[in-house]
Every structure is written in structure tokens, then in C-alpha cells.
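What follows is a set of notes on a single structure, which appears directly below.
The values are calculated or read from the model by the stated rules, or taken from the named source; none is laboratory data. Here the structure is a predicted model, which is why all the values come from computation and not from measurement. Methodologically, a virtual Cβ is constructed for each residue, glycine included, from the backbone with ideal geometry; neighbour enumeration extends over all protein chains shown. Please note that ligands, DNA and RNA were not included when accessible areas were found on the heavy atoms of the full protein model with its side chains. Shrake-Rupley method; radii C 1.70, N 1.55, O 1.52, S 1.80 Å.
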Amino acid sequence: MSAKKLSVSGAVGGFLGFIGMSAVAGVLVTAAVTPALAVSGMAATNTINVFENLPDYLALDKLSQKSNIYATQSDGSTVRLASFYDQNRVEVGWDQINQYVKDAAVAGEDPRFYSHGGVDLQGTIRATVKTVASGDTQGGSSITQQYVKNVLVQKCEVISDEAKQAACYDSATKTSPDRKLKEMRLAIGLEKKYAKDDILRQYLNITGFGGTVYGIEAAASYYFNTSAATLTLPQAASLLAIVNNPVKFQIDDPESETNGAANGYAANKERRDYILGEMLTYKKITREEYDVAIATPIEPVITEPSTGCQTAGANAYFCDYVTKILQNDPIFGPDEDTRVLNFRRGGFNVYTTLDLDVQNAAVNTLNENVPKTYDGWDVGGVVTSVQVGTGRVLSMAQNKDYSQDPTVLATGDNFSSINYNTDLNYGGSHGFQPGSTYKVFTLAEWLKEGHSLNERVDSRRKANWGTFKDSCLGPQNFPGYNPRNDANEAGTNYSALESTIGSINTGFIGMAKKLDLCGIRKTAENFGVHRADGAELQQGASSVLGTNEIAPLTMAAAFAGIANNGVTCTPVAIDKITGPDGAEVPIPKSSCTASVEPSVAAGMAYGMSRVMSQGTGRQSNNAAEPWVPMIGKTGTTDGSKDTWMSGASTKVATVVGVVSVNGEINQRDTEFDSGEAATARHRMWPAVMSVANAKYGGDEFKEASSNSLFSTQTAVPDVRGKSVEEAQSALEDAGFDWVDGGEIDSELPAGIVAGTNPTGGEKSSRGSTITIFISNGSMKVLPNVVGMDEKSAATALEGYTIQKREQADSGKPGTVLAMEPGAGTPLKPGSTITLVVAVASGAADNNGTGNGNG
């Protein structure tokens, strides 16, 4: 009897509740076995009606599971970088759960599980009697009922509205006859649809084991550093003891006075030993097994699961980049919140592009050459590598320790939450000025426009460069703009090649003077270059020398495009994602686009290879071992505030930099332990590329023409309307390469070539790459409805939104006089079409009226 005595009225009420619940339970069992018999008597009839208003069963839904991010080693084995979860759960199959676990669950929670139909009437009556007698709520739910309750709670987890979620929890967990009846009915329905083993398996996968630990696999890992399949008998019983009352019985607080290491986890042991006794009683274990298990002390091996990118250590910033892709890409859901929720609960395994060999080289060389902090200067060090031809990000590292915790960030400047290698939307950085590494885009435009590497320009230093051509903004002047050369070179007539080799500022301004500033900007954009903050690229004269703030990853992808014969592939960080069932799910793909013609890329590569052999990149080139053909470009911003080395083999492109995150310092006057700060780039770049060269190799770059970088101009064949195979054949026969530009909106049938860039008939150099665009079949050609009456015209344009405009015309009232867009125009269904409809004089409404149709 409870120490708290029941009042007379309370005892009577409890007794009546007992009678009512017993009657209800009886009707439930009757309904489960022989529903036709449960129709006699008003009370029974009313109860059955209540049950029939509830769903018959709950589906064995997918459970919330943790998702993991992996990198792959050279031998093909994977290394987990981090895990993410709302509930630490790993769902496992029947054969992955030790029989001791199954027997402990049944013996301890529901001994008649395999004989009842979802509701254990005997256990329910026993619990009700104890509740009435003691005043304390007693458990009497079967395993199936407990599973139902857990499922209902799980459904509440996905509700984002706090008030609705609270109401859902209350409905799923409150102690009331209505809730219990619903639970019983659902349990009976569940057992009609699913086998007992399936229900027990999902019960073991869904149930809580304390804190954020859910499911037997996660519990085995967390409490004993093992798996559900390899749990011992006493371990299995200890874990199932926790299920009964997680707060009371969980064994992860060794300091607990009631259930800690000092008393041998007494509370858990008491419940564990009870379960072992029940297992013996029901002949699930032998007396010998029982005696050994009872004598076994409880010795948890608490193994904290990794959660969040901070557990990825030196790979944390790459991990963070991957999570931003999962958060930002529409392929993973309609909005950011949904995408994050899907990932944290979906049980996904994300296999990334990270090459741990190249990554470790990047991490090690950063640790050796760039300090995490420097007195009076917020120094940043970055390394990013991209595979040529695929866009796969092979490395991403920086000189800081990763954290997103404000408390941790406040402890020292060595911590940063910002990924310096990526765009603002993918890590928080606003980018850095790339300096002279950006000059390669002026070189590209120079060659595109038919100029030669040996052509010379006025390279004198001057404060008035005159008027620059800008086809986008009109003629531009920059009075007072007077850039100097980094080494004070004073030549007056440098060639494009000399300017490239020596990184001559005035030489490149002289080249830009003969070009179109807008064209230079567009060429940079063709290589995927964009500002890290999302703003438009600046295109003034100073931008030629690299004053736009750009993410290192963007520059690495652009240099990979140069090395890939002018075809730039957008960066990708994910190779594969599998769901909890092992099936692959869609991932973002790299999009490869012809940025410049191969002949232009060959000319660029020639000039940039000379940078490595004769120019400012010699230190990096000579230190790479093994050596393969490489191209590159150095960069130094005003005052030597930031220093860069960017380059590539035909296989891997790498960008390294030492940057000023905040504040300014002249790196040429600054010493690190490894040497001058300004030359750290030349110690880091070859360290990374040596590993890349050894692993990926490298080929000779395509040879540039000795006379002219452009061959005879040839008309591009018009392949619109042809199959992809026919188009490819026609382009190859005409001497062109081709690249798939993906699908575009078109009125042509899906799968047919919708057009090319350059378009058919335009002149282009033989050997250049033509981008083929394929129709997705989403557009229709508009019929001619001029002359029709308004109703007939609307019928003919079904599926489009009609905007009506009236025009006085007494001779043809109600007739369509004109349409915009005109007949024969390709247009997507749902688009708006304006019809000019004749009305009698004086009745016209020139303001127009909207008339939606379809």
C-alpha cells in the first residue's frame, strides 16, 4: 500500500475506473479476436464505436537516425568525419540484434508478448489493481503498446510549431483513459498487420535509452562501446533495464549517489538482476548463464558519439562546407530548415570527395608554415585543391581551429567559425583579393580577341591611362589611377608573355587598354569566378589586378578550368549519398562548361608554364617532387597584405594563400618560424602538389600554336533539331569539340538538341569547344488566334494565363485583333499571353483586365 492513503471518494473513483478499464480491455480483446461478438450492450457498443473512429494500425515508419559524413582513404576504406542527429540512433535489422537483447526485452517488459494480440489483458488488470490499491501509476503496457506510444511521440518530433508540438506530446503521453484506449486499439491493429518479430525489432530500434540515445545499436555503442550484435548477457540486461526508467537507471553518471560507480550502479543492477531472473524463469537462459551474469559487475565504457563538424578535427572546415551544401542545395528539400531537418534525422551516409592524402599534406604544411595566431595581426592561411575535369574538392584547410560555439570562440584567436576558403553562403567569408592571380582572365581575353603573346603594349607607368572600352557601362576613365609594378620594373613596352612571366602590373593595364573591361569580367565569369559576397564582379581598371574579393575555392576551380583545356567544372564535395536502406539518393553534380576555346587555354597554359619555369612561380615549381608539367600564377595585394600561389597540373589545381583576415601587415617585413611570411606560399604549394603529383600524375599541356593561337575561322554547323548523337557527329566532322551544356527550356521534343553556343552559322576557330544544349520539351509553340472570337482563342490557348486588353473596333466586337507574344513563339504553359480584343466604340477599357485561363 502506498504511504499516501487514498480518500474514500478516491478509492471509489479508482475502483470504478478499474471496473471501466477492465470492461474496456475486455471489449478490446473481444474486438481483436471476434469483432462481431462485441455488439451487445450499450456500453460495449459505445466503446466499439470509439475504437472504429481510430486508425487500425501505425505503419512501421522510418525512424529518426543520425547521418554521417565520410572521407575515403586510398585503400577505399572510409573515415567518418562527423555525425549529425537529433536522436542518436542507428537502425539495425533483426539479425544484427543479439538474442540476449530480444529475450531480455520480452522477459523484462512483456513476458506474454508472443501470445497476446497486442494488449496483455492480464498485465493491464494487474497494473490497474496496483494503481487503485496504491495510488501510484503502474506500468501495464505491452511491448506493442510501448512501441505505439513511441511512434506517436516520434511523430511529434517533426512538428516545427512549438505550441502544436507541445499539444502533440501531451496527447501522446498524458495519463488518461482516452489515450490508453487509443494506444490499445492501435496496438491491436498493428499486430494484425505485422509479425511479432518485426514489432519487437522496431521497438528495440525506437525506444529511448536515456538522453539523446535511441535504439539498441546506439545504446550498445554509447554505454559499452560495442554493437547490438555483440552485447553480452549482463550488458543486454543492463541496457533493457534503462528502458524501464531512463533517468533512474542510465549508467553514464559515475558520480551518482544512487546509481553510480561507487555502489556498482545499484539501481540499474537491481533492475538488471530482475530481468535476468525473469529470463531464467521463462527458460531463456540457463542457471549457469544466470549465475555468471548476476556476478558480473556493471562496467560501462561510455563512448561519446561524434556530433557536428568540430569532431572532424583538421578536416572540420571541409566538413562545414559539406553541411552548407546540404543546407543550401534545393536538391535536398524546398527550404533550408527542411534540408537541415532531413539530414539530421534521415540516417544518410555522405561520402565526400576529400582526398585524405592531399588533405593531410595541406594540414601539415599549414601547421608548419602559418601560425594560428600572430601578435597584432589576424593571420589566415588557406589551402584548397580541386581535381581537374571533375570539380571534385580534394582538400580544404586553414590555419585556425574550428568551432561554432561562441564560448569557445571567445577563448582565443586561434578559433574561428568562418571558412576562409568558401563563399559567404557556404562558410561565412567575404573572400579575399586574389591579387595578380586574377590577371589570367585578362590574358584569356587577350588571346580570345586574337592578340598574340608576343604582341607588345604601352607599359609605361602613368597617372592617366586615358579611356578604356567598356561595352557594358560605356567608356570609362580612371583619373589618378597609377599602379606601380611590384618589383619596380620600368619597361615601357612589355609583351603579353613578359607581363605574364613577371606579373607586370602596367603591362596588364596596357593589355586591358586594348580590350573591353566588360569582356574581361565576362571571361572571368565564364571560368565560374564570382565575388564571395554574392555581389557583381567589379570591372574597373583596378579589377584587372585582382581587387575583387573572391573565395580561394572559386579560384582553384577556375585554374582547374584553364588546365582542363578551357572547360571549367563547378566544385563538388559529395561523391555519393546513401539512405538508411543503402540506396543512393540524388546529389549535386558538377556542371562543366566551355569557358574559352581550347586554343585560348593552350595559349594561357603556355604563358603560365613560363611563370613556373622562369617567372614568379619558380620557387614553387622547383620544389615540387615528383615534378610534372605545371602552370601557375602568383599574386600579392597592395602592401603585401595578402600573398597567393595558384596553379595546376593537368590533374589537380591548388590555391594557397596567407591572408590578412583583419588588419594590415606587410608580409615581406614579417617572419614566421618557417621563414618570411611572404614566401610561405612557396613552401606550402609544392608540399601539397608533390603529394597530388605522386598520386594523380600529370600530362603535358596542349601545345599552343607557334604562329597564331587561332586557326582558320569556320562556321559552326546548325545542329538544332538533331539528336545528340547526330549533333556530336556533325560538330566533330566540322572539326569542333563539344561539351554537354545540359537541358534548357525549348519547344523541341525532349532529348533533341535545342541549340549551341556559339550558335549555328557563327564563325569559330576549328578545334574550339561547342556547348550543346538539349531540349527539356517544356515549351509549346503558340497558335495564331488573331481573328478568332475571344472564347475560341481562350480554348486554343488553354494552359496559359490570358491578359485581356480591349480596343475599340466597331466592326469586329469580340474578335482578337492581336496577341503578344505573337503566333509561333515558344512559350512555357502557365505563362501570360496578352490578347487585344475588339469592343464597340466607347466600351474599350484601355487599362486591360486579367483573365486567368488554366
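Below, the figures for the structure above:
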read-out	value
Tilt relative to the chain, helix 517-526 - C-alpha long axis, 0 to 90 degrees, to 10	40 degrees
For region 428-550, Kirkwood radius (reciprocal of mean inverse C-alpha pair distance, Å)	14.4 Å
Sequence of Leu817, Leu473 when ordered by accessible area, the most exposed leading, probe 1.4 angstrom	Leu473, Leu817
Heavy atoms of Val628 accessible to a 1.4 Å probe, total area in Å² rounded to 10	20 Å²
Net charge of neighbours whose Cβ lies under 12 Å from the Cβ of Tyr481, counting Lys and Arg as +1 and Asp and Glu as -1	+4
Fraction of the pair-distance distribution of region 187-338 above 18 Å, Cα-Cα pairs, percent	67 percent
Degrees between helix 336-345 axis and first principal axis of the chain (Cα, 0 to 90, nearest 10)	50 degrees
Positive-pole candidate from Val781, Gly647, Pro598, dipole of the chain, charges at beta carbon	Val781
Cα centre as origin, Lys/Arg/Asp/Glu Cβ charges: region 648-732 dipole, Debye	120 debye
Value at 222 nm in deg cm²/dmol, rounded to 500, when DSSP H runs of n ≥ 4 in the chain each add -39,500 (n - 2.57)	-11500 deg cm²/dmol
Proximal lysines relative to Lys284, as straight alpha-carbon distance under 18 Å, when same-chain residues fewer than 8 apart are discounted	Lys102, Lys196
Cα convex hull volume per residue for region 639-758 (Å³)	227 Å³
Anchor Lys66: lysines whose Cα lies under 22 Å away (excluding residues fewer than 8 positions away in-chain)	Lys149, Lys155, Lys324, Lys576
Sites Thr307 and Asp197, calculated FRET efficiency, Cβ-Cβ separation with R0 35 Å, nearest 0.05	0.65
More than 24 Å apart - percent of Cα-Cα pairs taken over region 295-444	43 percent
Per residue value of the accessible surface for the chain (all protein chains in place, 1.4 Å probe), Å²	43 Å²
Computed log₁₀ I(q)/I(0) - Debye formula, equal Cα scatterers, no solvent, region 374-417, q 0.18, 0.25, 0.29 Å⁻¹	-0.64, -0.87, -1.00
Estimated D of region 744-809 in µm² per second, where Rh is the Kirkwood radius over Cα pairs and Stokes-Einstein applies at 37 °C, 0.692 mPa s	216 µm²/s
10 Å binning of all Cα-Cα separations within the chain, expressed as whole percents from 0 upward	2, 10, 15, 16, 14, 13, 12, 9, 5, 2, 0, 0
Hits among aspartates and glutamates - C-alpha to C-alpha of Lys513 under 14 Å, sequence gap 8 or more where chains match	Glu445, Glu449, Glu455, Asp458, Asp470
Region 755-817-region 209-237 distance, computed between alpha-carbon centres (Å)	65 Å
Above-threshold pairs, the threshold being 31 Å between Cα atoms, out of Lys174/Lys248; Lys174/Lys283; Lys448/Lys780; Lys514/Lys763; Lys522/Lys695; Lys589/Lys633	Lys174/Lys283; Lys448/Lys780; Lys522/Lys695
Radius of gyration and maximum dimension Dmax of region 181-230, Cα, Å	13.6, 39
At 0.692 mPa s and 37 °C, Stokes diffusion of region 313-364 via Kirkwood alpha-carbon radius, µm² per second	269 µm²/s
Rg in Å to one decimal, and Dmax rounded to a whole Å, for region 544-644 via C-alpha atoms	17.5, 56
Carbon + sulfur, % of accessible area of the chain - ligands and nucleic acids excluded, 1.4 Å	50 percent
Accessible area (Å², 1.4 Å probe, nearest 10) - Met779	40 Å²
